[in-house]
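Notes for the one structure printed next.
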Amino acid sequence: MRRWRIALYVAGAIMCVVAAACYFRPIEVVSFATRMHLRLQGEHSHDVVIAGNKIHFREMGTGQPLVLLHGLGGNSLDWAPVMAFYARAGYHVYAIDLLGFGKSDKPDIDYKIEDQVQMLRQFFAQEGISQTDLVGWSMGGWVALKFTLENPTAVRRLAVDDAAGVYFHPTFAASVFTPSTPSGVNAFFHLMEPDAKPLPAFLARDVVRIMKSRHGWVISRAANTMMTGKELLGDELAQIKQPVLINWGADDELIPLSSGYEMQKKIPQADLDIYAGCGHLAPVRCSHAVAAKTLEFFDAGTPPSGLVQQVPGK
């Protein structure tokens, strides 16, 4: 009987610790669970040193290379919902923590898009990637477009999801990306997903904590650099000759759908798929639909022809 009591006490103590972690550090708990789930699916994590900075990446599968680039404030775990999907389809998937984000180093630089392009070029050389299919989401889409322009032979097909990089009139200041209060967190998430319910207070508080204690300064610096408009892409996008797929959440208020149309106008061979009921987080909240259409595009025998399609999202 005494042993059972001790076991119950231990189990209760463990449950209390787990409950406390879920309440006070929910993002770290979710991150840990996501990493463990990816590991069980066959993911491997690595670090490489590029220009004196550690760059962290995750890889899964074998076959044709497929490189995934996250958005501002994100990291390689953002691709967790789709990495195994692409790997099972026969791709060697690389999800990279861009310079300054995730587990990659955070040097004291301006965090220009060109900084990420140079890092990516050296990453390809170091990993022996001569040509890849490439997916970029939000800021990562901007990086992917610029990388393709500068390294045309390195990209076979390009897909961008709710990508930054072309001019639009923002309805927000750069500070929206680094909220300092729970209400600011919810305002930011409303921009990305207008129909999303407010985050629970404990989760919004944890977002604020991470912004203040970890990488908020990197996000702020990158956002301010991007919003100067100095690296915006314009008519030079017409130089992209690869097959291009533009995925866009119909309800995106952070980077509006008009940007998707403008991007397609400048890349006339690109197809534009618009996902009903999805916002800026379409690659996550509508991951099955977006990934399926992206895989269909990568595997297509014929190039895109400038079509605009409405796609069921959720």
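Structure notes:
- Of the set (1) aromatic (Phe, Trp, Tyr); (2) farther than 20 Å from LEU68 by Cβ; (3) not in a helix (DSSP H, G or I), all apply to TYR275 but (2).
- Residue match in region 102-118 (condition: of a type outside the set (Gly, Ala, Ser) and part of a strand (DSSP E or B)): no
- Within region 103-126, the set of residues being touching a strand residue (DSSP E or B) at 6+ places or on another chain (Cβ under 7 Å) and either farther than 27 Å from LYS230 by Cα or surrounded by fewer than 22 Cβ atoms within 10 Å (Cβ to Cβ) (or both) comprises LYS103, ASP105, PRO107, MET119, GLN122, PHE123, GLN126.
- Residues in region 282-314 that are surrounded by 14 or more Cβ atoms within 10 Å (Cβ to Cβ) and touching a Gly at 6+ places or on another chain (Cβ under 7 Å): ALA282, CYS286, ALA289, GLY313.
Conditions tested, residue by residue: (1) surrounded by fewer than 17 Cβ atoms within 10 Å (Cβ to Cβ); (2) in a loop (DSSP other than H, G, I, E, B); (3) in contact with a helix residue (DSSP H, G or I) (Cβ under 9 Å, 6 or more places away or on another chain).
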{"site": "VAL176", "(1), (2), (3)": "yes, no, yes"}
{"site": "PRO179", "(1), (2), (3)": "no, yes, yes"}
{"site": "GLY184", "(1), (2), (3)": "no, no, yes"}
{"site": "ALA222", "(1), (2), (3)": "no, no, yes"}
{"site": "GLY229", "(1), (2), (3)": "yes, yes, no"}
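- Checking the stated criteria, SER258 turns out not to satisfy the condition of being more than 20 Å from PRO81 (Cβ to Cβ), over 21 Å from the mean Cα position of the chain (by Cα), among the hydroxyl-bearing types (Ser, Thr, Tyr) and surrounded by fewer than 16 Cβ atoms within 10 Å (Cβ to Cβ).
- Within the option set LEU191, LEU233, being modelled with pLDDT under 95, surrounded by 15 or more Cβ atoms within 10 Å (Cβ to Cβ), at negative phi and out of contact with any strand residue (DSSP E or B) (no Cβ under 9 Å at 6 or more places or on another chain) holds for one residue only, LEU191.
- Failed criterion for SER259 (all others in (1) more than 16 Å from GLY140 (Cα to Cα); (2) in a helix (DSSP H, G or I) hold): (1)
- Listed by first and then second residue, the pairs with beta-carbon distance under 8 Å, at least 6 apart or on different chains, first residue in region 188-213 and among the β-branched types (Val, Ile, Thr), second surrounded by 16 or more Cβ atoms within 10 Å (Cβ to Cβ) and modelled with pLDDT of 90 or more, are VAL207/PRO179; VAL207/PRO182; VAL207/VAL185; VAL208/PRO179; VAL208/PRO182; VAL208/GLY184; VAL208/VAL185.
- Given (1) small (Gly, Ala, Ser); (2) at pLDDT below 85; (3) surrounded by 14 or more Cβ atoms within 10 Å (Cβ to Cβ), index of the condition ALA84 fails: (2)
- Filter pass, ILE274 being closer than 23 Å to ASP78 by Cβ and of a type in the set (Val, Ile, Thr): yes
- For region 135-172, the set of residues classified as assigned to a loop (DSSP other than H, G, I, E, B) and under 17 Å from SER287 (Cα atoms) consists of SER138, ASP162, ALA163, listed by residue number.
The values are calculated or read from the model by the stated rules, or taken from the named source; none is laboratory data. Quick caveat, the model's predicted, so the values are computed rather than measured. With ideal geometry, Cβ positions are generated from the backbone for all residues, glycine too; neighbour counts draw on all protein chains shown.
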